[in-house]
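Q: Can you keep this structure in mind? I'll have questions shortly.
The values are calculated or read from the model by the stated rules, or taken from the named source; none is laboratory data. Please read all numbers here as calculations on a predicted model, not as lab measurements. Cβ sites come from the backbone with ideal geometry, for glycine too, and all protein chains shown count toward neighbours. We work out accessible area using only protein heavy atoms, side chains counted, and drop any ligands, DNA or RNA first. Shrake-Rupley method; radii C 1.70, N 1.55, O 1.52, S 1.80 Å.
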Number of protein chains: 4
Amino acid sequence: MWLRSDNTAGVDPQVLAALAACNEGDMPGYGDDEHSRRLDGEFGALFEHDVRVFPVVSGTAANALSLSHLAGPLGLVACHEDAHPLRNEAGATGFFSGGAGFLPVSGAHGRMDVTALTAALDGLAGGSHGALRAAAVTVTQLTEAGTAYDLPTLRAIGVVARERSLPLHMDGARFANAMAALRASPADVTWRSGVDVLSFGGTKNGTMSCDAVVFFDPARADLFEQRLKRGGHLLSKSRFMAAQLLACIASGRWLANASHANAMAREVADTVERVDGGALLHPVDGNIVFAALPEPAIDKLGAAGIALRGKGRLADGRRTFRLVASFATAASEIARFRAALAG
Amino acid sequence: MWLRSDNTAGVDPQVLAALAACNEGDMPGYGDDEHSRRLDGEFGALFEHDVRVFPVVSGTAANALSLSHLAGPLGLVACHEDAHPLRNEAGATGFFSGGAGFLPVSGAHGRMDVTALTAALDGLAGGSHGALRAAAVTVTQLTEAGTAYDLPTLRAIGVVARERSLPLHMDGARFANAMAALRASPADVTWRSGVDVLSFGGTKNGTMSCDAVVFFDPARADLFEQRLKRGGHLLSKSRFMAAQLLACIASGRWLANASHANAMAREVADTVERVDGGALLHPVDGNIVFAALPEPAIDKLGAAGIALRGKGRLADGRRTFRLVASFATAASEIARFRAALAG
Amino acid sequence: MWLRSDNTAGVDPQVLAALAACNEGDMPGYGDDEHSRRLDGEFGALFEHDVRVFPVVSGTAANALSLSHLAGPLGLVACHEDAHPLRNEAGATGFFSGGAGFLPVSGAHGRMDVTALTAALDGLAGGSHGALRAAAVTVTQLTEAGTAYDLPTLRAIGVVARERSLPLHMDGARFANAMAALRASPADVTWRSGVDVLSFGGTKNGTMSCDAVVFFDPARADLFEQRLKRGGHLLSKSRFMAAQLLACIASGRWLANASHANAMAREVADTVERVDGGALLHPVDGNIVFAALPEPAIDKLGAAGIALRGKGRLADGRRTFRLVASFATAASEIARFRAALAG
Amino acid sequence: MWLRSDNTAGVDPQVLAALAACNEGDMPGYGDDEHSRRLDGEFGALFEHDVRVFPVVSGTAANALSLSHLAGPLGLVACHEDAHPLRNEAGATGFFSGGAGFLPVSGAHGRMDVTALTAALDGLAGGSHGALRAAAVTVTQLTEAGTAYDLPTLRAIGVVARERSLPLHMDGARFANAMAALRASPADVTWRSGVDVLSFGGTKNGTMSCDAVVFFDPARADLFEQRLKRGGHLLSKSRFMAAQLLACIASGRWLANASHANAMAREVADTVERVDGGALLHPVDGNIVFAALPEPAIDKLGAAGIALRGKGRLADGRRTFRLVASFATAASEIARFRAALAG
């Protein structure tokens, strides 16, 4: 299916080259190799802050390990009602934490509504005996709806969290795509907005299977390595994880990749909007397009051999789709899409 | 430190080439790519049995996920008292299972004694109310002492397990090294001896961070994918895991790599035995040498710039060491060791 | 607050007498005493079926231990969206199971809609890689809305569960109140309708803190004692739990108690309906009344010193209340309520 | 079997009377009743310290809930190698904590050796990547060998714990028996010796099934009620738990009961020592006697209808037994034992 995900692409050639380049010779494992030892410094420079960085092999691992670390077993994680950790990770956060739950918060276009968040948190306050309490807040940046949180909203959430002494986590599986959309620095979008821990996505942006958990307060990372080990996520040949992340952020490659994906998505969105009866279901801030298309358009695409991943159907009968561009999406692919619909 | 581990090496060039070779184009993820879809067939041919194969990123993940799957939350896993899942995995099996424990069994040179195993299992039978019961047995092949279980012992353990309806798991982090030591087929050493599930080691034998869980009864793998997902171990870009495993077993590369490592260890062992006061603490069946050396020998090594990873000290004062050869250990390294001791 | 719960009462005098009566002399513990050994037989006679009965000290323990036993760590428990295990047990089922989740199903007046249940279960079928599957169904009898499932609905749910090989659990914290409302036998309302495991409520019906888990398939109870032990729920002085349950079911005491509570609730309901602007939010099948009352009625109650436990407010401004009668509710209390509202 | 346990007795009549006495009328549940609200004050007076007291229904619940609260999921609990939480609670502490393990420490007669404890804790310091760290220490008072820790030893352990910022837990399933043995106040044996949390045993000393967790730092009890609720251990009819504990400590009843049990055990011990070939395996400080008896003595007992609970056999062939006296053990029972052996 066409543009069905940003994890169907291979690996950025620069990342592949980095794997080969670090293959020579013996090195200690488990994070003691020369590449791993550079991670905190390089990410610290990128984020203009002291950080502790832990590579992990999946976004689920990044989210579940960090949220369980923040929330503990007896807490609730406030999140958007469509948040990936709540909906799509097979209960990983509850599992890794030993029982943490979620406090779902509504909000348009995938973004938690700050008022709804406040109400949900305050609603817990008068809980009965033994009722769970909030223990963390998580935002997804890009959201599951493909939108970015702007800085004022992010900061407002940061204030809500801080006032209640709740750590703020950011699920940045598509952090690069959000960054490419915002006129802001990595520092602005994270710790300056109150973010304490970031799931930094690499896999959807060109690494092999390599994301990272970034702690903006190194002290908070205490015992995190034990979580990794117990979860089977502490890799012996750590150099190959570190090398990918370093290649990713070197010379802004991560942003260039994301910018390309965003631009491709933008063209898809523009094309959809020009279709008679075509519409976007959410603003397109990054690399994901939620589109409604009428049957004739779908037929045209079909005739051109382009099958889309269906999501559902609007009340008026139009079908809806989720299209995701990646760093590897070729402009020619978009042109083919445009041509098919124009045909 | 010299020969301190078999996970300090890089990646087998053939594995690295396979990563590059599978990088082209879009592919579905999560095991639906063309490489992943070949895994069951290729491993099935290798093991002469229907199998289900799940790539994982670490030996801890392989062991903890499969043992938790076999033992459930309320069972005990019988294992050698020095077994890696009991001693060195930060409680991962207990964690992933939601509470399974271990039933430690003694035995010389890292191998469970069949009589001790039987006694330990039978000793549980008259347990008090609420006492845990045995739910699985695991053997390590190569053992933690660097020895291989011979087929008769393995089969005897298989019989003990089968008589009690206990599934038998094999921790094969160094399965290749054991295979290179035994005159037997992969089938002989696994399902023909009663093994139900194998942690197939790749990382110590040339993959990047890629082992596999092999189920010899595909029906038993039901819900295992859910375990992977919840554990953050279901990788989107699954092609790169599958490609490594396929490269590993293609044309017997895995055995060739292990044979080389074993041969290097053999030479280390022979050298140690020729040292005045040198001794082997365990038989050297694979790529691990447990050696005792007297101070003069250690001084000679030190003078040649060779530091060894100390384990302890014998009653007579000699120090003990654990030396591990890998697929990448060069013959010149061994020559240097020999020369230093001869000097 | 007036009629605020059915767990604010003390203990049925007959139950208290049973505690004193069994206090003499030494007896084995952990279920081996003479009273505990009678449980399976007495409950088996009551339910006309072979059963295994395990006393527990709370409804949360009964539900969480039995649901975790049925669903395992990787399953979803289908339940009404207001079900107590989902909403009010602090994540106990997820915790005891090591990760099971819930599949919430809608339905009027606290009863799962059979069509909605079917749709929810079928909607999981085409789940993506690693998505959780349904593993059990639970119904609450009396429901959280104070209604009883009639036999045809219960059987229809039983069929849905059986067709998918899902065990059916019944949360019977107020099973006695449901039984007192239905013209049916305990067998009809449980195993003849497809129920596999019952949380049999005692505490809300006159025991001290003593419910029971009843397995209608004794084989399914294997390892349940281990769950109790690990959960700190295997009591040494088991005689006192068994004696309570036996006193409860002896000579139909449990039904008499529940009938009384239901009758008191019926009178409350009738009184509410006669109030100008008074209304019932749910049918009153058992001992719980969800009532809406206008301000003047609330003022009259206040003047008589009767404060009600508020639940919320209707769109038209009337406030809503949850009133629960128990075995110990005196007719004079209801008369006082009636008199206050008539005043 | 004769004197086989201190949980085969019934309930202290004074405790039973307290249950009846608190049965009148409606009371709030979940700890808000008038009896529960007195617990902190009454225990505070007993211990001369601010405390938070949580009744629980079993010693396993008391230990597992408090140790999991103290150690968290990633820690090790240092304990004697025969400690009940490690050996006899079906993995409850690991389960409730979500993965905590134990660090077994040796020591004669059930008491942790302070030097061994120090060595075990220090041995963890240089742990490898991802290795677990100590997170708590627990002592059993009376120990599993029936001995009491004297104050100097207890204080030394307290210092070891405090120096490493490890909370100190005391498993006081037989705390009363230890107190009856020591010339010290409850304060001396707990917080003045560095104990942070106490599992206060009631069940073995006359309650129905009612122990308590006592926090000497109330702030540390934060979220403990949530643990109880999730574990199914927050009881609605809380008055009956509180009333038992209050009856227990009122007018020193708990100490009187324990003193009686200790005296009975002392007589058993004296009798054993007078038997030809009889011996005590451990000092008898409380209500437990570990005895070795030669066959002729066993035969005499058998002839008098006294069967003992066997533990094992000494190298010289004598059999060993564990005999436990309780508050309800009659002097006539001991006389019968003495007469049988004298016969």
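Q: Within 10 Å of each Cβ in peptide A:199-212, how many partner chain Cβ atoms are there on average? Round it to a whole number, please.
A: Averaged over the peptide's residues, the number is 2.
Q: Around B:Leu235, which amide H atoms from residues at least 5 apart in sequence, or from another chain, sit under 5 Å from its own amide H, with H modelled in the peptide plane?
A: none
Q: Which whole-Hz couplings ³J(HN,Hα) result when phi for each residue of region D:225-231 is put into the Karplus expression 6.51 cos²θ - 1.76 cosθ + 1.60, θ = phi - 60°, listed in order with x for Gly and Pro?
A: 4, 5, 4, 4, 4, 4, x
Q: Here's a follow-up. ³J(HN,Hα) across region A:69-83 via Karplus (A = 6.51, B = -1.76, C = 1.60, θ = phi - 60°), whole Hz, x for Gly/Pro?
A: Residue by residue, region A:69-83 yields 5, 7, 8, x, x, 10, x, 10, 9, 6, 7, 5, 5, 9, 4 Hz.
Q: How would chain B be classified by its alpha-carbon gyration tensor: rounded, prolate or oblate, with rounded meaning a/c under 1.5 and the a/b versus b/c comparison settling the rest?
A: Oblate shape, in that a/c is at least 1.5 and b/c is the bigger or equal ratio.
Q: Restricting to DSSP H runs of at least four residues, report the calculated mean residue ellipticity at 222 nm for the protein assembly as shown, -39500 (n - 2.57) per run over all residues, nearest 500 deg cm²/dmol.
A: For the protein assembly as shown, the value works out to -12000 deg cm²/dmol.
Q: Inter-copy label distances at D:Gly127, 7 Å along the Cα→beta-carbon direction, one decimal in nm, shortest first?
A: Label-point separations across copies, in nm and ascending: 2.5, 2.9, 3.4.
Q: Further, regarding this structure: Rounding to the nearest 20 debye, state how big the charge dipole of chain D is about its Cα centre with +1 on each Lys and Arg Cβ and -1 on each Asp and Glu Cβ.
A: With only Lys, Arg, Asp and Glu charged at Cβ, the dipole is about 560 debye.
Q: Considering only region C:13-252, what is the antiparallel percent among its DSSP beta bridges, to the nearest 5?
A: 35 percent
Q: Let me ask something else about it. Count, for each residue of D:145-156, the Cβ atoms from other chains sitting within 10 Å of its Cβ, then give me the mean as a whole number.
A: Shielding by partners across D:145-156 averages 0.
Q: Oh, and also: What ³J(HN,Hα) values, in whole Hz, does the Karplus curve 6.51 cos²θ - 1.76 cosθ + 1.60 give for region B:327-343 when θ = phi - 60°, with x put for Gly and Pro?
A: After applying 6.51 cos²θ - 1.76 cosθ + 1.60, I find 4, 9, 5, 8, 4, 5, 5, 5, 4, 4, 4, 4, 4, 4, 6, 6, x Hz.
Q: Given a 1.4 Å probe and every protein chain left where it sits, what share in percent of the accessible area of chain C is carbon and sulfur?
A: 51 percent
Q: How much of D:Val57 can a 1.4 Å solvent probe reach, expressed as accessible area in Å² and rounded to 10?
A: Counting only protein heavy atoms, D:Val57 exposes about 10 Å² to solvent.
Q: Measuring from centroid to centroid over Cα atoms, what is the spacing of region B:112-152 and region D:327-343 in Å?
A: Each part's Cα centre sits 44 Å from the other's.
Q: Which residues' amide hydrogens lie under 5 Å from the amide hydrogen of B:Arg133, considering only partners 5 or more residues apart or on another chain, with H built in the peptide plane?
A: B:Leu76
Q: Summing Lys, Arg as +1 and Asp, Glu as -1, what charge do residues with Cβ under 14 Å from the Cβ of A:Ile249 carry, A:Ile249 excluded?
A: Here the charged neighbours net out to -3.
Q: Solvent-accessible area per residue for the protein assembly as shown at a 1.4 Å probe radius, Å²?
A: 34 Å²
Q: Here's a follow-up. Any idea how far apart B:His109 and D:Glu273 come out in nm if each label point goes 7 Å out from Cα toward Cβ?
A: 5.1 nm
Q: Further question: Residues with beta-carbon under 15 Å from that of D:Asp217, excluding D:Asp217: net charge, scoring Lys, Arg +1 and Asp, Glu -1?
A: -1
Q: From the C-alpha coordinates alone, can you work out the Kirkwood hydrodynamic radius of region C:6-86, in Å?
A: 15.9 Å is the Kirkwood radius here.
Q: Chains B and A: buried accessible surface, both sides, probe 1.4 Å, rounded to 100 Å²?
A: 3600 Å²
Q: Sorted by accessible area with a 1.4 angstrom probe, largest first, how do A:Arg313, B:Arg318 fall?
A: A:Arg313, B:Arg318
Q: Okay, next question. Once you have a ≥ b ≥ c as the square roots of the Cα gyration tensor eigenvalues for the protein assembly as shown, tell me rounded if a/c is under 1.5, and otherwise prolate or oblate according to whether a/b is larger than b/c.
A: Oblate, since a/c reaches 1.5 and b/c is not below a/b.
Q: Would you list, by chain and number, the aspartates and glutamates whose Cα falls below 14 Å from the Cα of A:Lys229, excluding same-chain residues fewer than 8 positions away?
A: Cross-link targets: B:Glu89.
Q: A further question on this structure: May I ask for the distance between the Cα centers of region D:56-103 and region A:173-244, given as a whole number of Å?
A: 33 Å
Q: Now, a different point. Counting pairs of alpha carbon atoms under 8 Å apart in space and at least six apart in sequence, what relative contact order in percent does region B:47-112 give?
A: 36 percent
Q: Run the 1.4 Å probe and let me know the accessible area of B:Lys204, rounded to the nearest 10 Å².
A: Its heavy atoms expose roughly 50 Å² to the probe.
Q: Going by the rotation axis that takes chain B to chain D, pick out the residue of B with the closest C-beta and quote the gap in whole Å.
A: B:Gly94, 3
Q: 7 Å along Cα→Cβ for the label point: how many nanometres lie between C:Glu273 and each equivalent label in the other copies, listed shortest first?
A: 5.9, 7.9, 9.5
Q: Kirkwood Rh and Cα-based Rg: tell me the resulting Rg over Rh for region A:199-323, rounded to two decimals.
A: Taking Rh as the inverse mean 1/r over Cα pairs, Rg/Rh reads 1.14.
Q: Using +1 at the C-beta of Lys and Arg and -1 at the C-beta of Asp and Glu, which of C:Trp2, C:Asn177, C:Ala243 has the Cα lying farthest in the positive direction of the dipole of chain C?
A: Looking along the dipole axis, the top candidate is C:Trp2.
Q: Across peptide D:1-9, how many C-beta atoms of other chains are within 10 Å of each residue C-beta, on average?
A: 4
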